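**Student:** Dropping the structure in here first, questions after.
The values are calculated or read from the model by the stated rules, or taken from the named source; none is laboratory data. Computed from a predicted model, the values in this text were never measured in an experiment. Using ideal geometry, Cβ is built from the backbone for each residue, glycine included, and neighbour counts are taken over all protein chains shown. Side chains are part of the model used for accessible areas, which takes the heavy atoms of the whole protein and leaves out ligands, DNA and RNA. Shrake-Rupley method; radii C 1.70, N 1.55, O 1.52, S 1.80 Å.
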Amino acid sequence: MNSPEGATAAGTSSTNSLDSLPIEIFLMICERIDADTLVKSLMYVNKQFYDIISDNYLWKKRAMRIFNDCNVAFMLTSAYNENTFNWKQFAWHTELEDSCWSEYEAKTTTTVFSGAHFSEVDAVIIAKDGKHCMSASRDRSICLWNTMETVENLVVHKVDSHLGWVWDLEIYDDDHFLSCSWDSKVKLWNTSNFAPSSQPIHTFSTDAAVLSITSKENFVAAGLYCPKIIAFDPREPEKRLFELLNSHTRSIIDLCLIEDYYLISLSEDKTVSVWDLRTNNTVKSMYLSKGSRFPMCASYYDNILFIGDNRDCMYWLDCSHGLYNVLETVKLAKPLNDCRNYKLNCIKCTNYGSIITGGNEGVVYILTPTNPPKVIAKIVDSGSEITSIDYQNDTLVVGYVSSDVQVWKKK
């Protein structure tokens, strides 16, 4: 005959759950769960989970397990503080990027847009909604592509958008974008009603071919083929805010704004110049290297300006506190069995987890923001020289010399 104690024990159900576990056991479980699940789901189950998973030390330990053998760009700046650094964001981004791009064939969908442009695509950008991208070509046209469609590659094709090669594109705000051209014009377009018959909202006239543009609210800067930078206010398109005449001695290849205060210009004269928009003074002008190298492209994220040159080097500039000091010179791997000089045409960093580059090798490299860089993915699809890259809203868009535009979207 069974004892009453045995019956009681047999009828008792287990009440163990995650929130009843010792914190040490719970943390061990968290270490085995991917960061995306922790950040988007588990931490919002209850306040206890939220407090534990929000702890900076947990994420720091998780991140340093991966990056304990190399220099990480964001941890070298003068603004970096180990105790206040956003370790959760850093670890989350790095795991997301590695998980997606190391298996990009399975975890992304890709579409090649072709047939609209008949000449080299020199610029691509992704619209704020993440559902469209724009491309600009030497055939003088601009295309707006629907990246959500995989059938028939729906496109709005604006031919003769300029009277010369369209060289650069820039998102101005949620509803507008900018284009610039060898016809010496910068044009402001409406994104939502862009059509083959569209006319620009404003046209800004300059003194020479425009090679680069950057913008913020009520401010547009244009870098010219002659060594000049001209700034406009879209509210008064006929009026120039200022002209920078003495910053460089050759053409302005790229421009970027940092925290709305500093205008960075890259020139074929081999220099990088930093202009303070508040004081209208040059803060710094510098050579990044000796010899025939010159800066080609730049991308900014969290106090680091990543600059690629016309060969195979990437430079990290510390932008915190207005310093603009070179932190590292990162040597990129040259293509094997290729007698050409490798040329880095474009670089993009929009999160802590990756730097994306492309050049005349025709390969998209997804790299860690470390020195030495680790290759997360090497994407060889077109084989044509890569001219431009943008990466926003889980979407990567690439422009090619072949006139194609290719888009990868995370599943």
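**Student:** Where nothing but the Cβ of Lys and Arg (+1) and of Asp and Glu (-1) is charged, how large is the charge dipole of the stretch 280-354 around its Cα centre, in debye to the nearest 20? Mind showing how you got there, number by number?
**Tutor:** Values: 9 positive and 6 negative charges, 65 e Å.
Taking the Cα centre of the stretch 280-354 as origin, the dipole is about 320 debye.
**Student:** Ranked from highest to lowest mean number of other Cβ atoms within 10 Å per residue, what is the order of the peptides 282-295, 94-107, 111-124, 343-356?
**Tutor:** Working: 282-295: 15.4, 94-107: 17.1, 111-124: 19.6, 343-356: 22.3.
Sorting 282-295, 94-107, 111-124, 343-356 by mean packing, highest first, produces 343-356, 111-124, 94-107, 282-295.
**Student:** While we're here: Sort 159, 210 by heavy-atom solvent-accessible area, probe 1.4 angstrom, most to least.
**Tutor:** Working: 159 80, 210 0 Å².
Result of the area sort, largest leading: 159, 210.
**Student:** Enter the Cα centre distance for the pair the stretch 204-232 and the stretch 78-154, rounded to the nearest angstrom.
**Tutor:** Cα centres, the stretch 204-232 to the stretch 78-154: 25 Å.
**Student:** Right, another one. Just want the answer: with Cβ charges of +1 for Lys and Arg and -1 for Asp and Glu, which residue in 281, 23, 132 is farthest toward the dipole's positive end in the chain?
**Tutor:** With unit charges placed on the Cβ atoms, the residue in question is 281.
**Student:** Now for a different question. Longer than 26 Å from Cα to Cα, which of 128/187; 290/378; 158/185; 60/128; 128/411; 128/239 are they? Say none if no pair is. Spell out each step's value before the answer.
**Tutor:** Values: 128/187 18 Å; 290/378 29 Å; 158/185 16 Å; 60/128 31 Å; 128/411 19 Å; 128/239 28 Å.
Among 128/187; 290/378; 158/185; 60/128; 128/411; 128/239, the Cα-Cα distance tops 26 Å for 290/378; 60/128; 128/239.
**Student:** Round to the nearest 0.05 the FRET efficiency obtained for residue 261 and residue 328 when R0 = 22 Å and r is the Cβ-Cβ distance. Intermediate values should be presented prior to the final figure.
**Tutor:** Numbers: r = 24 Å, r/R0 = 1.08.
It comes to 0.40.
**Student:** Continuing with this model, one more query. Charges on Cβ only, +1 for Lys and Arg, -1 for Asp and Glu, centred on the Cα centroid of the chain; of 195, 342, 162, which one is farthest towards the dipole's positive end?
**Tutor:** 342
**Student:** I'd like to check one number: the per residue accessible area of the chain, probe 1.4 Å, reported in Å² as a whole number. Numbers along the way, then the final one.
**Tutor:** Numbers: 18860 Å² over 411 residues.
Result: 46 Å² of accessible area for each residue.
**Student:** What size of dipole, in debye to the nearest 20, comes out for the chain about its Cα centre when the only charges are +1 on Lys and Arg C-beta atoms and -1 on Asp and Glu C-beta atoms? Please report the intermediate quantities before stating the final value.
**Tutor:** Details: 38 positive and 52 negative charges, 140 e Å.
So the magnitude is around 680 debye.
**Student:** Now for a separate question. Take the Cα of residue 16, step 7 Å along the line toward its Cβ, and report every residue of the stretch 24-59 whose backbone nitrogen sits under 19 Å from that point.
**Tutor:** Those under the cut-off are 24-33.
**Student:** Then there's this: So for the pair residue 31, residue 103, with labels modelled 7 Å out along Cα→Cβ, what separation do we get in nm?
**Tutor:** 2.3 nm
**Student:** What does the convex hull of the alpha-carbon atoms of the stretch 17-62 project to on average, in nm²? Intermediate values should be presented prior to the final figure.
**Tutor:** Working: hull surface 11.7 nm².
Seen from a random direction, the Cα hull of the stretch 17-62 projects 2.9 nm² on average.
**Student:** Here's another thing I want to ask about it. Need one number for the stretch 160-295: average projected area of the convex hull over its C-alpha atoms, nm².
**Tutor:** Details: hull surface 33.1 nm².
Across all orientations, the stretch 160-295 yields a mean hull projection of 8.3 nm².
**Student:** Let me ask something else. To the nearest 20 Debye, how big is the dipole of the stretch 51-118 about its Cα centre, given +1 on the beta carbon of each Lys and Arg and -1 on that of each Asp and Glu? Walk me through the numbers on the way to the answer.
**Tutor:** On the way: 6 positive and 9 negative charges, 23 e Å.
Result for the stretch 51-118 is approximately 120 debye, rounded to the nearest 20.
**Student:** Mean-square fluctuation check for the chain, GNM, Cα pairs under 10 Å: which of 47, 158, 216 is largest?
**Tutor:** 47
**Student:** Next question. When the convex hull of the Cα atoms of the stretch 206-361 is projected onto a plane and the area is averaged over all directions, what value comes out in nm²?
**Tutor:** 9.7 nm²
**Student:** Using volume of the Cα convex hull per residue in Å³ as the read-out, say which of [x] 190; [y] 155; [z] 206 was calculated from these coordinates.
**Tutor:** Comparing each candidate, only [x] matches the computed number.
**Student:** In Å³ and rounded to a whole number, note down the convex hull volume per residue for the Cα atoms of the stretch 246-330. Write down the numbers at each step before the final one.
**Tutor:** Values: hull volume 7.0 nm³, N = 85.
About 83 Å³ per residue, rounded to a whole number.
**Student:** Excluding residues on the same chain fewer than 8 positions from residue 107, give the aspartates and glutamates whose Cα lies under 15 Å from its Cα.
**Tutor:** Reachable aspartates and glutamates: 36, 95, 97, 98, 394.
**Student:** Next question. Per residue of the chain, what 222 nm ellipticity follows from adding -39500 (n - 2.57) for every DSSP H run with n ≥ 4, rounded to the nearest 500? Walk me through the numbers on the way to the answer.
**Tutor:** On the way: 7 runs with 57 residues, N = 411.
Mean residue ellipticity, 222 nm, calculated: -3500 deg cm²/dmol.
**Student:** Quick one: pull the percent of accessible area on the chain belonging to carbon and sulfur, 1.4 Å probe, ligands and nucleic acids left out.
**Tutor:** Values: 9210 of 18860 Å².
Carbon-and-sulfur percentage of accessible area, whole number: 49.
**Student:** I would also like to ask the following. Give me the Debye-computed log₁₀ of I(q)/I(0) at q = 0.14 Å⁻¹ for the stretch 345-387, equal point scatterers on Cα only, no solvent, two decimals.
**Tutor:** The Cα Debye sum returns log10 ratios of -0.29.
**Student:** Please give the per residue volume of the convex hull enclosing the alpha carbon atoms of the stretch 12-129, rounded to a whole number of Å³.
**Tutor:** Dividing the Cα hull volume of the stretch 12-129 by its residues yields 221 Å³.
**Student:** Put +1 on the Cβ of each Lys and Arg and -1 on the Cβ of each Asp and Glu in the chain; which of 322, 383, 247 then has its Cα farthest toward the positive end of the dipole?
**Tutor:** 247
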